[in-house]
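Asks: Shown below is the structure under consideration.
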């Protein structure tokens, strides 16, 4: 399967800005995680300067995680 570069930036539902190719665009230093079954909940992830909580679910067929929920935190 041949992959082609995306024509426009990817913006997963729930993020306020497109994903960046910058190496420091995602900062998980202050992120806390909990695990329940095949789900991982990550709270306080810093992505593109905004904070998010998200839930990832393991997909056996793809052998990877899928983001199933992203919620932006209110700025204080």
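Asks: Counting other beta carbons within 10 Å of each residue's own, what order do 59, 51 fall into, fewest first?
Replies: On the way: 59 12, 51 18.
With the sparsest Cβ surroundings first, the list reads 59, 51.
Asks: In what order do 53, 24 fall by count of nearby beta-carbon atoms within 10 Å, going from fewest to most?
Replies: Values: 53 17, 24 7.
Starting with the residue having the fewest Cβ neighbours, the order is 24, 53.
Bear in mind these aren't lab numbers, they're just calculated from the coordinates by the rules spelled out. Everything numeric here is computed off the predicted structure, so don't read it as measured data. Reconstructed Cβ throughout: ideal geometry from the backbone, glycine too, with neighbour counts over all protein chains shown.
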